[in-house]
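Read through the structure below, which is laid out as structure tokens, and then see the notes.
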Amino acid sequence: MSGRPDETESIRRFLAGFPDGLKAARQLVAEDAVWRHWRWRGLTLVGRSAILERYFDRLDEAYGDYSFEVCDAIVDRDRVAVRGRFRGTFRRSFHGVRATGAPVSWLAHDIYRFERGLIVEAWFANDTYTVAREMGVIAPDEPWPWCLPGS
């Protein structure tokens, strides 16, 4: 048996909040939480206020009507791995990309670690190719650079 604490009930409450769980999750971010995303290129958000401002507030501004549907969740004591679908309307500029007003949808693969009923760590791996397509950054039929012939 692992020495990690059992946070299963906290995780169940977290998952029960979806499809508005991302919005509800802001209440579960610990003061000393650390969030990472593979596309943030080394940027790590540390602390509740930074996470609320630089993650949640920006999502709210760009995709105010968004939802997150949990497709799969695997729970192991103090961690949950979530595969889900993000949906929203790209209504305001996001990271310098002009809003299109179009609906957007992509898959996300997130891992959360809980302590004392709060999220203390999170790792995100979204389908950034689809994100870029949906936001109009790249053409719908444009391949990834490493998929080009001769690359």
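The values are calculated or read from the model by the stated rules, or taken from the named source; none is laboratory data. Computed from a prediction, not measured in an experiment: that's the story for all the values here. With ideal geometry, Cβ positions are generated from the backbone for all residues, glycine too; neighbour counts draw on all protein chains shown.
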Among the residues of region 53-64, which ones are exposed (fewer than 15 other Cβ atoms within 10 Å of the Cβ) and in contact with a Lys or Arg (Cβ under 8 Å, 6 or more places away or on another chain)? E61, G64
Scan region 38-53 and give yes if some residue there is without any contact (Cβ under 8 Å) to a residue 40 or more places away in the chain, out of contact with any strand residue (DSSP E or B) (no Cβ under 7 Å at 6 or more places or on another chain) and acidic (D, E), otherwise no. yes
Selection from region 102-124 of residues that are among the hydrophobic types (A, V, I, L, M, F, W, C), within 16 Å of I138 (Cα to Cα) and part of a strand (DSSP E or B): V104, W106
Going by what's in this entry, would D32 be described as modelled with pLDDT of 90 or more, surrounded by 12 or more Cβ atoms within 10 Å (Cβ to Cβ) and out of contact with any strand residue (DSSP E or B) (no Cβ under 8 Å at 6 or more places or on another chain)? no
Which residue is surrounded by the most Cβ atoms within 10 Å (Cβ to Cβ), if the candidates are limited to region 81-134 and must be in contact (Cβ under 8 Å) with a residue 40 or more places away in the chain and of a type in the set (S, T, N, Q)? N126
Hand me the list of strands (runs of 3 or more DSSP E) wholly inside region 35-101 holding 3 or more residues that are within 15 Å of the chain's Cα centre (by Cα) and within 22 Å of E115 (Cα to Cα). 67-76, 79-89
